[in-house]
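Right, one structure below, let's go through it.
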Protein chains: 2
Amino acid sequence: MIALIHHSFCPHSRFVRLALGEYRLAFEPIEERPWERRPEFLALTPEGITPTLFEGDNPPIPGHAGIAEYLDEAHGPEMYERRLMPLDLAGRVEARRLTRWFNVKFYEEVSHWLVAEKIFKRQLTGAQGGGAPNMNAVRAARANMRYHLQYVGRLIAARNWLAGDTLTYADLAAAAHLSCVDYLGEAAWSENEKARDWYARMKSRPSFRPLLAERVAGLEPSPTYADLDF
Amino acid sequence: MIALIHHSFCPHSRFVRLALGEYRLAFEPIEERPWERRPEFLALTPEGITPTLFEGDNPPIPGHAGIAEYLDEAHGPEMYERRLMPLDLAGRVEARRLTRWFNVKFYEEVSHWLVAEKIFKRQLTGAQGGGAPNMNAVRAARANMRYHLQYVGRLIAARNWLAGDTLTYADLAAAAHLSCVDYLGEAAWSENEKARDWYARMKSRPSFRPLLAERVAGLEPSPTYADLDF
């Protein structure tokens, strides 16, 4: 049995939940607010981050990148054509490059700022750093996003999926981060039609359904968040 | 032939150089100051980060984690007992967990601050953010480091190497980051004797030699930086 410590609007947790969904692996989700640094949580995993995955007798697996590699090693071979990593070396390099692009670069330049300022700050106390969003950070993230949506559009103009012919972790990473941004009405879909079409394909996958049902207390999603024909 | 875009005092570049050294893989090192965002560099790799590795017809491989996975897949099998990742699943999980601990957590809490404030700021112009070190950041990094050195000591009291019986990426990551800190005289070895003994073992490996010969212009290393019996 797999257990996953996650936060509903942590983009990296969403990335892992999409992967588990694509692999149809049942798991026990455990919601955590990592900034509270609960001793019971830190006793399980000294990294204290979401996502952290547990399976069998393995040590805890903290972080999106380690979890993705673990799932590929432990479960990838039995997934055959649904495997989220290509089998050839060059294909794996490109899938990892683009997975990193969204899980690290897009996160640092866009989704971290929007999610932290507009969602997490609502859940933090004043002493923890909660409060009104820093609009300078929000504006910078918005400006950066346009560049990333153009990149998605350029990739998908030349390929079936972001990293090549098949669905890979790269698509899940991009969609996970964009789903958080889209909840906030901050995804500038009008910028690039090809990027929007690709996201519509992602959104209609069964693995996406649980994400579209989630809500932030006191903050309605954008009108098209759960709309498959947005 | 392998080419590696790196910076001498980028801890993640040092991590990869140690791995290439352990594998005795010849490579062409290309020194880059990524903050200059040279168009020729960004044309090669849109991520614009160090380290970025190139080999054969593969796409560029940006970032420490993707490079480590690539080297394990492309060269690990032929390294036999020198392979830097265990073969069993639980061993790989633990090696990745600790590699992440140093390449991500230690970096964010310690080495990034010390290297950025005390080395990179010397190489930046005023417009790029150069200048005197922010001593609040330096002090916070120093306080965090003590906790990490205790962790190294606890791990090595129970194991031959950080992640288990054999040398892995985890040892190279920890030593790479600590080597930058040690250059600055900021490694608090007196805190933990076991951590210091482990670092002495790492420092005496042939893969370490090129690192110990490097200098920051205008900034002498700590007296024991290159001393194997420090």
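The values are calculated or read from the model by the stated rules, or taken from the named source; none is laboratory data. Note that the coordinates shown come from a computational prediction; the quantities given were computed from them, not determined experimentally. Ideal geometry is used to build each Cβ from the backbone, glycine not excepted, and the neighbour counts take in all protein chains shown. Please note that ligands, DNA and RNA were not included when accessible areas were found on the heavy atoms of the full protein model with its side chains. Shrake-Rupley method; radii C 1.70, N 1.55, O 1.52, S 1.80 Å.
Set side by side, the residues B:P77, B:P86, B:P51 differ, and just one is more than 11 Å from chain A (Cβ to nearest Cβ), touching a His at 6+ places or on another chain (Cβ under 7 Å) and either at pLDDT 95 or above or under 23 Å from A:F102 (Cβ atoms) (or both), which is B:P51. Filtering region A:147-175 to residues that are of a type in the set (G, A, S), in a helix (DSSP H, G or I) and surrounded by fewer than 20 Cβ atoms within 10 Å (Cβ to Cβ) leaves A:G153, A:A157, A:A158. Of the residues B:E22, B:E32, the single one that is closer than 23 Å to B:F120 by Cα, more than 14 Å from every other protein chain (Cβ to nearest Cβ) and open to solvent by less than 30 Å² (accessible area, probe 1.4 Å) is B:E32. The residue list A:F41, A:F27 contains one member that is of a type outside the set (S, T, Y) and at pLDDT below 95, which is A:F41.
If I ask for residues that are out of contact with any Lys or Arg (no Cβ under 6 Å at 6 or more places or on another chain), closer than 12 Å to A:M202 by Cβ and among the hydrophobic types (A, V, I, L, M, F, W, C), which ones from region A:151-174 would you list? Listed by number, the residues that qualify are A:V152, A:W161, A:L162, A:L167, A:A170, A:L172, A:A173, A:A174. Please tell me if A:F9 is touching a residue at least 60 places away in the same chain (Cβ under 8 Å) and over 29 Å from B:L71 (Cβ atoms). So A:F9 passes the test. Here A:F54, A:F15 are screened, and the one residue that is within 14 Å of the chain's Cα centre (by Cα) and hydrophobic (A, V, I, L, M, F, W, C) is A:F15. You will find that of B:L124, B:L172, the residue that is among the aliphatic types (A, V, I, L, M) and either more than 18 Å from B:R14 (Cα to Cα) or free of Cβ contacts under 8 Å to residues at least 12 places away in the same chain (or both) is B:L124 and no other.
Filtering region B:132-146 to residues that are under 14 Å from B:L178 (Cα atoms) and open to solvent by 40 Å² or more (accessible area, probe 1.4 Å) leaves B:R142, B:N144, B:R146.
Residue-wise test of (1) under 19 Å from the mean Cα position of the chain (by Cα); (2) over 21 Å from B:S222 (Cα atoms); (3) among the aliphatic types (A, V, I, L, M).
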position	(1), (2), (3)
B:A141	yes, no, yes
B:T166	yes, yes, no
B:D171	yes, yes, no
B:K194	no, no, no
B:W198	yes, no, no
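The criterion of being under 20 Å from B:R205 (Cβ atoms), open to solvent by less than 20 Å² (accessible area, probe 1.4 Å) and either at pLDDT below 95 or assigned to a helix (DSSP H, G or I) (or both) does not hold for B:F9.
For region A:159-216, the set of residues classified as of a type in the set (S, T, N, Q) and under 20 Å from A:R82 (Cα atoms) consists of A:N160, A:T166, A:T168, A:S204, A:S207, listed by residue number.
What about B:I67, is it more than 9 Å from chain A (Cβ to nearest Cβ) and of a type in the set (A, V, I, L, M)? The answer is yes for B:I67. Of all residues in region A:185-219, those that are open to solvent by 80 Å² or more (accessible area, probe 1.4 Å), in a loop (DSSP other than H, G, I, E, B) and at pLDDT 95 or above total 1.
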